[in-house]
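> Can you keep this structure in mind? I'll have questions shortly.
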């Protein structure tokens, strides 16, 4: 019994999934790339591979612009804080399901219900902004 295509025939198999790329955020402590560079790289991957992008880095920038008091990164300034992790999850949700996460009941530990509502709205704003400026399909 054959369970899949032979190794030389993978180019004839229709994909069963559309990969989604998680856009990261700048690692300010390491100072090697800024958000513009990250966005450009993800736009290129999106255009060349037709991959979906969950714009988490963009969402973090929006959240920090609107609420600088809400830490998106942990003390190491590389890994996300609980709020940053919640925002990432909400952004991925919005990307995968193509709908706003606003109103979802789940609130993570160390995230207040008010902050969760704010982060849900930011996640949807970031996904909409990312799609608004998506390159035209060729």
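> So which residues in the stretch 69-80 are more than 15 Å from residue 29 (Cα to Cα) and surrounded by 13 or more Cβ atoms within 10 Å (Cβ to Cβ)? First the steps, then the outcome.
So the first thing to find is which residues in the stretch 69-80 are more than 15 Å from residue 29 (Cα to Cα), and the list is 69-70.
Across the stretch 69-80, the qualifying residue is only 70.
> So which residues in the stretch 18-68 are exposed (fewer than 14 other Cβ atoms within 10 Å of the Cβ), in contact with a strand residue (DSSP E or B) (Cβ under 6 Å, 6 or more places away or on another chain) and in a loop (DSSP other than H, G, I, E, B), if there are any at all?
Listed by number, the residues that qualify are 18, 51.
> Within the stretch 91-104, take every residue that is without any contact (Cβ under 8 Å) to a residue 60 or more places away in the chain and part of a helix (DSSP H, G or I) and give me the one that is surrounded by the most Cβ atoms within 10 Å (Cβ to Cβ). Please lay out each step first, then the result.
If we filter the stretch 91-104 for residues that are without any contact (Cβ under 8 Å) to a residue 60 or more places away in the chain, which is where we start, we get 91, 93-94, 97-104.
Of the ones still in play, those that are also part of a helix (DSSP H, G or I) are 91, 93-94, 97.
On the way: 91: 30, 93: 20, 94: 25, 97: 9.
The qualifying residue surrounded by the most Cβ atoms within 10 Å (Cβ to Cβ) is 91.
> Does residue 88 count as part of a helix (DSSP H, G or I), within 28 Å of residue 106 (Cβ to Cβ), more than 15 Å from the chain's Cα centre (by Cα) and at pLDDT 90 or above? It would help to see each step written out before you state the result.
Details: part of a helix (DSSP H, G or I): yes; within 28 Å of residue 106 (Cβ to Cβ): yes; more than 15 Å from the chain's Cα centre (by Cα): no; at pLDDT 90 or above: yes.
No: the conditions fail for residue 88.
> Now, a different point. Considering only residues that are part of a loop (DSSP other than H, G, I, E, B) and out of contact with any strand residue (DSSP E or B) (no Cβ under 8 Å at 6 or more places or on another chain), which ones fall in the stretch 69-85? Give the steps one after another, and end with the answer.
In the first step, residues of the stretch 69-85 are kept if they are part of a loop (DSSP other than H, G, I, E, B); the result is 69-72, 74-79, 81.
Hits for the stretch 69-85 are 69, 70, 71, 75, 76, 77, 78.
> Filter the stretch 16-42 down to residues that are out of contact with any helix residue (DSSP H, G or I) (no Cβ under 9 Å at 6 or more places or on another chain) and in contact (Cβ under 8 Å) with a residue 24 or more places away in the chain, then give me how many there are. Don't jump to the end; show me each part of the working.
Quick first cut of the stretch 16-42, residues out of contact with any helix residue (DSSP H, G or I) (no Cβ under 9 Å at 6 or more places or on another chain) only: 16-18, 27-32, 34, 36-37, 40-41.
Pick out the ones that are also in contact (Cβ under 8 Å) with a residue 24 or more places away in the chain and you get 18, 27-30.
Summing the residues that are out of contact with any helix residue (DSSP H, G or I) (no Cβ under 9 Å at 6 or more places or on another chain) and in contact (Cβ under 8 Å) with a residue 24 or more places away in the chain in the stretch 16-42 gives 5.
> Say whether the condition of being over 18 Å from residue 115 (Cα atoms) and touching a helix residue (DSSP H, G or I) at 6+ places or on another chain (Cβ under 9 Å) is met by at least one residue in the stretch 70-83.
Taking the stretch 70-83 and keeping what is over 18 Å from residue 115 (Cα atoms), we get 75-79.
Then drop every residue that is not touching a helix residue (DSSP H, G or I) at 6+ places or on another chain (Cβ under 9 Å), which leaves 79.
Within the stretch 70-83, one or more residues are over 18 Å from residue 115 (Cα atoms) and touching a helix residue (DSSP H, G or I) at 6+ places or on another chain (Cβ under 9 Å).
> Further, regarding this structure: Scan the stretch 105-138 for residues that are assigned to a loop (DSSP other than H, G, I, E, B) and either surrounded by 14 or more Cβ atoms within 10 Å (Cβ to Cβ) or touching a helix residue (DSSP H, G or I) at 6+ places or on another chain (Cβ under 6 Å) (or both) and jot them down.
If the condition is that a residue be assigned to a loop (DSSP other than H, G, I, E, B) and either surrounded by 14 or more Cβ atoms within 10 Å (Cβ to Cβ) or touching a helix residue (DSSP H, G or I) at 6+ places or on another chain (Cβ under 6 Å) (or both), then 107, 108, 110, 111, 135 are the ones that fit.
The values are calculated or read from the model by the stated rules, or taken from the named source; none is laboratory data. All values derive from a computational prediction rather than experimental measurement. Cβ atoms come from the backbone with ideal geometry, glycine included; neighbour counts cover every protein chain shown.
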